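Input: a single structure, listed below in structure tokens.
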Amino acid sequence: MVQEIRLTATPQEFFQERVHQAKARLKVNLPAEVEFYLVNLLCSFIAVPAGKAGAQAGEPAFFEKPLAFMLRDASEAPRPQKPALYRALGDTSLYITGFFQDYFNRKTFDIDYYIALGSTGYEQAAKHMTPNLPESATRETLTALALNFVQAVDVVAEVSEQGRRTEAVDILHIYDRWTRSQSDRLRKILNEQGIDPVEVPYKIAH
């Protein structure tokens, strides 16, 4: 019998390895359930459904529906629908702020706004879950995501940028983002470029 050799990894294996590498590089400790959730989230966003292309060439389809509208829909929905809608808000915010951070450099969006809504989405999803109904994510997992949202964003962003080199032209953008988010990951990138960022007592205007 000829033994079959599998040379490809499943999406779960691929992202599990990348998440582990990102955590090690950033020295981030995330609860096991959050790490598992991130892997599944990254797998779920691999394929963009047909007809969901962005309004402009190269624009992520996730910007198609404003987060404020997602928050409104979740807050106005009947109670049984709230957990799923709030969770979708959290998932979308987490993926966008992690995988598309460079997008914020070309638009007027404030990354703090996405982070705040994402954390709120997971917090409210956990709050409105019905304990006696089966769910694909537990209340504890969603609560942990809300509490560790910034760290989760950093891990997803690191996964996105693994294998890509930071060019000098991006340094100003990275510093700009750091002044707004105080992200440990962005500070590390700046340190690697020989820059020791200093917090300023004002917010950079856009």
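Computed quantities for the displayed model
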read-out	value
Where residue 97 falls short, out of the listed (1) farther than 21 Å from residue 110 by Cβ; (2) of a type in the set (Ser, Thr, Tyr); (3) modelled with pLDDT under 90	(1)
Given (1) in a loop (DSSP other than H, G, I, E, B); (2) out of contact with any Asp or Glu (no Cβ under 8 Å at 6 or more places or on another chain); (3) at pLDDT 75 or above; (4) surrounded by 11 or more Cβ atoms within 10 Å (Cβ to Cβ), index of the condition residue 29 fails	(4)
Members of the stretch 140-163 that are under 17 Å from residue 112 (Cα atoms) and not in a helix (DSSP H, G or I)	148
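The values are calculated or read from the model by the stated rules, or taken from the named source; none is laboratory data. The model shown is predicted, which means the values in this text are computed figures rather than measured ones. Positions of Cβ are backbone-derived with ideal geometry, glycine not excepted, and every protein chain shown enters the neighbour counts.
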